[in-house]
Structure formats: C-alpha cells, structure tokens
1. Which of the residues belonging to region 41-65 are under 14 Å from F86 (Cβ atoms) and either among the aliphatic types (A, V, I, L, M) or not assigned by TED's automatic domain parsing to the domain that holds D76 (or both)?
2. Quick check on region 130-138. Is at least one of its residues closer than 17 Å to K84 by Cβ, at pLDDT 90 or above, in contact with a helix residue (DSSP H, G or I) (Cβ under 8 Å, 6 or more places away or on another chain) and of a type in the set (D, E, K, R)?
3. With respect to D51, determine if the residue is under 15 Å from G163 (Cα atoms) and surrounded by fewer than 19 Cβ atoms within 10 Å (Cβ to Cβ).
4. For region 139-157, give me each residue that is touching an Asp or Glu at 6+ places or on another chain (Cβ under 7 Å) and closer than 14 Å to L105 by Cβ.
5. Can you tell me which residue within region 40-78, out of those that are in contact with a helix residue (DSSP H, G or I) (Cβ under 6 Å, 6 or more places away or on another chain) and of a type in the set (A, V, I, L, M, F, W, C), is nearest to I118 (Cα to Cα)?
6. Are any of the residues in region 102-114 assigned by TED's automatic domain parsing to the domain that holds I42 and more than 19 Å from D38 (Cβ to Cβ)?
7. Can you spot a residue in region 121-142 that is surrounded by fewer than 17 Cβ atoms within 10 Å (Cβ to Cβ), in a helix (DSSP H, G or I) and among the charged types (D, E, K, R)?
8. Do we have L151 as surrounded by 14 or more Cβ atoms within 10 Å (Cβ to Cβ) and farther than 14 Å from F91 by Cα here?
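The values are calculated or read from the model by the stated rules, or taken from the named source; none is laboratory data. It should be emphasised that the depicted structure is a prediction, and the values quoted were computed from it without experimental measurement. Neighbour counts run over all protein chains shown; Cβ positions are idealised from the backbone, glycine included.
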Amino acid sequence: MMKSVVTLFFLFILSLNFAQNSTEELNKIGRNPIILIDSVRINNDEIQNYDPKEIAIFSQYTGNQALELFPEGGNDGVIYIETKKFSKKRFENYFKTKSKEYRNLLSRGIDDTKIQYILNNKVLTTDFEGDLASINDNFFKSLKVIDRKELQKKFNLKDKDYGIIINSDVPDNLQNGTEKFNK
C-alpha cells in the first residue's frame, strides 16, 4: 500500500512539472498502472529510482486508450515517461532525416555544449528535449544549421559554434505549446 502511495505521489509531482495531460486525468489512474520509461516497462517500485529533473515527457492514458495499448493489464491506466536522454536521441535521429547538413554535423562528433537549438526563433536553454522530440512530420517545417558567425549576428550568442534553427507548428497535445514554441 505504501509503495502505491509513494508511486502515485511521484507521478503527481511529475504531472505538475512536465505533464502533457491534466491533473484530472492523473486522478483517473488506478493503484497499479502500467509504467513505461523510455519504452521499457518497469514495475512501480522502480519509478522511485528516477530523478524528476531528467524527465522530458510524461503522458498518461486511461480508460479505452489504456486498454488499447495494453488489453491485458491496462485497467488501471498506462503511464509513459521519456527521459531527456531518450528524447534527445529521438529528435536527433528525426532531424538527421530532415537535413544532410545536420546529419553531417552530428557525425563529426561535435560536443553538445557547442550546439544551440533555436525553435521558431526562440533560443532553447533548458528542458527543451521533450519539445523537440514532439516534432514530427505533422509539425515540422524546416531545419537550418548556421555557423558561429551567423549565430552571433542573429542571436547574439558567443559561446556556441553552431546553431540549429528549427521551424515547426505547435503540437496540439503539448501543454503550454504556444508559449514553448513561440518567442
């Protein structure tokens, strides 16, 4: 019983910080939800091993949605969590398919600290991995790699070697999407 309470409390805290669904939806989750982290099913006790600061995406599914995902066992809901590291790999792989220049840049092993992501003219500084991972063919418009000189001229950034300028529509299911995707 105590483990269920701790797990639900942890999930509630995550939903307040990173939720793409409402707190009301979290209340519909039963005592024994199926939990997936980075597409791997874990047991409820393991959730406590994760730092909420490393979470990029948190989604919960209840009712018919949960049962469609897991016909056997989805009665108490399904919680899907994606870490920043996993989201980063996902958006990098996606953007590699959209830009040869981006693919070549990453294949050269450029240090992440020397790359600045810019989404719809907004310089992304922290907790952006889930936003970039939410971009897919329905939302993607363009990607352009710029060098240090252009990055400094356009965005006044002096500590990065490359800028990745991404233009996208706003995913409908992204909490505060307009604020996150627009300057």
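1. Residues satisfying the conditions are I42, I55, A56, I57.
2. Going through region 130-138, the residues closer than 17 Å to K84 by Cβ turn out to be 130-135.
Cutting the leftovers down to at pLDDT 90 or above gives us 130-135.
Retained after the next criterion (residues that are in contact with a helix residue (DSSP H, G or I) (Cβ under 8 Å, 6 or more places away or on another chain)): 130-133, 135.
Restricting the remaining residues to those that are of a type in the set (D, E, K, R) gives 131.
Checked region 130-138: at least one residue is closer than 17 Å to K84 by Cβ, at pLDDT 90 or above, in contact with a helix residue (DSSP H, G or I) (Cβ under 8 Å, 6 or more places away or on another chain) and of a type in the set (D, E, K, R).
3. On the way: under 15 Å from G163 (Cα atoms): no; surrounded by fewer than 19 Cβ atoms within 10 Å (Cβ to Cβ): yes.
So D51 fails the test.
4. V145, R148
5. The extreme case among them is A56.
6. No, that holds for no residue.
7. no
8. Values: surrounded by 14 or more Cβ atoms within 10 Å (Cβ to Cβ): yes; farther than 14 Å from F91 by Cα: yes.
Yes: the conditions hold for L151.
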